[in-house]
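See below for the structure under consideration.
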Amino acid sequence: HCHETTIENFFCLDGRFEVTWGDEGENGVVLEPNDLVSVPPGVSRAFRNLSGETARLLVVIETEGPGSQDRVAYAPSLGDEVTQRWGRQARAKLEEIGFRFDAGVDA
């Protein structure tokens, strides 16, 4: 997913997490307790628990200021997968509530 106007900060409380970023997830870091990484606006990112058990990751999203909104976009391939697995109607319903599947696509 991609937060288009906000910074997303990942702080590992316990366990181990992989945080990746870039159009293809080509950059990444493994966070251990007390490690922090920030991902700037407009960059696709993902995270996953590597611990094999319950772990905690504190995620703080920094907006541009009071009243600002964050547009979150997902990869087009995820939209295609939703359509393939659950049909066009399911994708349309997600889009009605604000899901966008155009991360990395030039307007």
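Each value in this text was obtained by applying a stated rule to the coordinates, not by laboratory testing. On a predicted model such as this, the values are computed, not experimentally measured, just so you know. With ideal geometry, Cβ positions are generated from the backbone for all residues, glycine too; neighbour counts draw on all protein chains shown.
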**Report entry** Zero-based 5 Å bins, Cα pair distances in the chain, whole percents
**Finding:** 2, 12, 19, 18, 18, 16, 11, 3, 0
Requested in this report: Report, in debye and to the nearest 20, how large the dipole of the chain comes out about its Cα centre when Lys and Arg carry +1 and Asp and Glu carry -1 on their Cβ.
Outcome: 440 debye
Report summary line: Counting only DSSP loop positions in the stretch 1-88, the trypsin sites (Lys or Arg not before Pro) whose Cβ has at most 10 other Cβ atoms within 10 Å are none
**Report entry** Net length gained if the chain between Glu4 and Glu64 were fully extended (0.36 nm per residue, minus Cα distance)
**Finding:** 20.5 nm
Query - GluC sites (Glu not before Pro) within the stretch 4-63, DSSP loop, no more than 12 other Cβ atoms inside 10 Å - result: Glu24, Glu26, Glu53
Query raised in the report: Leu36 label point, 7 Å along Cα→Cβ, cut-off 11 Å on backbone N: hits in the stretch 1-24?
Result: 9-12
Requested in this report: Compute the signed sum of charges (Lys and Arg +1, Asp and Glu -1) over the other residues within less than 12 Å, Cβ to Cβ, of Thr63.
Outcome: -4
